[in-house]
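K.L.:
This structure is in structure tokens; I'll ask about it shortly.
The values are calculated or read from the model by the stated rules, or taken from the named source; none is laboratory data. Being a predicted model, the structure only gives us computed values, none of them experimental. Every residue, glycine among them, receives a Cβ derived from its backbone with ideal geometry; neighbour counts consider all protein chains shown.
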Amino acid sequence: MRHLILAVCAAIVVPIAAHAATYELKATPHTVAWGHYDATDKPVLTVKSGDTVVIHTLLTNSPTGLEKAGVDPVLIEPALRAVYEGVPASSRGPGGHILTGPIAIEGAEPGDTLEVRIKKVDLAIPYAYNAFRYGAGFLTDDFPYARVKIVPLDAKRMIGRFAPGIEVPLAPFFGSMGVAPPPSFGRYDSAPPTVNGGNMDDKAL
């Protein structure tokens, strides 16, 4: 859904590289971790301190779900279709977030502090969505049904058209970002945040 441009630094561990490189990491069936953080997942990219990575990310809805909600099929990213078709069920979960990575930083060790600078966030598609379902969230008993709302986005004006006459200013941020959890956690659910970061949904970070 978004293109994320990061500058990564292994704080204190290694000096900033004299000739930093820029990489692009696309979301494919071979470069995503679906629904989990896991210390045993192998890195799909290794960079040095000071390098920049342009990361392509995907939303958490399915192509079928988006089409059912009213999205024109031509506006659904081919990468999202490829990931849904190419990642086996055994590699998914227990959460639902499609996370691009993991990325290793050369010289970093478990327990080190990492500094990651988000330089820019670009919108990759002209829509977003809001959704809720029964059994999840705080008001589930008040709304015992499911609903998905597609929100058209205007990237030039940086607004979302929530409803006729209602425009919402956009300030994109990443809800889920983290490092590998302790090995004892196993395949940790991407939904609840924990000591490694994860689904924090805090735009102030």
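K.L.:
What residue, of T100, T113, T60, is at pLDDT below 95, surrounded by 15 or more Cβ atoms within 10 Å (Cβ to Cβ) and polar (S, T, N, Q)?
P.N.:
Result: T60 is the single residue among T100, T113, T60 that is at pLDDT below 95, surrounded by 15 or more Cβ atoms within 10 Å (Cβ to Cβ) and polar (S, T, N, Q).
K.L.:
Within the stretch 170-205, which residues are loosely packed, with under 14 Cβ neighbours inside 10 Å, under 23 Å from A124 (Cα atoms) and in contact with a Gly (Cβ under 8 Å, 6 or more places away or on another chain)?
P.N.:
D201, the sole residue that qualifies.
K.L.:
Go through T52, T64 for me and flag whichever is hydroxyl-bearing (S, T, Y) and free of Cβ contacts under 8 Å to residues at least 40 places away in the same chain.
P.N.:
T64
K.L.:
Any residue in the stretch 187-201 that is among the hydrophobic types (A, V, I, L, M, F, W, C), in a strand (DSSP E or B) and within 22 Å of the chain's Cα centre (by Cα)?
P.N.:
No, because not a single residue in the stretch 187-201 is among the hydrophobic types (A, V, I, L, M, F, W, C), in a strand (DSSP E or B) and within 22 Å of the chain's Cα centre (by Cα).
K.L.:
Please verify whether A82 is modelled with pLDDT of 95 or more and part of a loop (DSSP other than H, G, I, E, B), treating the condition exactly as stated.
P.N.:
So A82 does not fit the description; no.
K.L.:
Before we move on, is K156 outside any loop (DSSP other than H, G, I, E, B) and either surrounded by fewer than 17 Cβ atoms within 10 Å (Cβ to Cβ) or of a type in the set (S, T, N, Q) (or both)?
P.N.:
The answer is no for K156.
K.L.:
Next up: Pairs please, first residue from the stretch 80-105 and in contact (Cβ under 8 Å) with a residue 12 or more places away in the chain and within 21 Å of P43 (Cβ to Cβ), second anywhere and polar (S, T, N, Q) and part of a strand (DSSP E or B), Cβ atoms under 9 Å, 6+ apart in sequence or on different chains.
P.N.:
Sorted first by the residue in the stretch 80-105, then by its partner, the pairs are G95/S176; G95/N199; H97/S176; H97/N199; L99/S176; I103/T46; A104/T46; I105/T46.
K.L.:
Moving on. Kindly indicate the residue of the stretch 127-153 that is surrounded by 13 or more Cβ atoms within 10 Å (Cβ to Cβ) and not in a strand (DSSP E or B) and also farthest from the chain's Cα centre (by Cα) among those meeting that condition.
P.N.:
The extreme case among them is T140.
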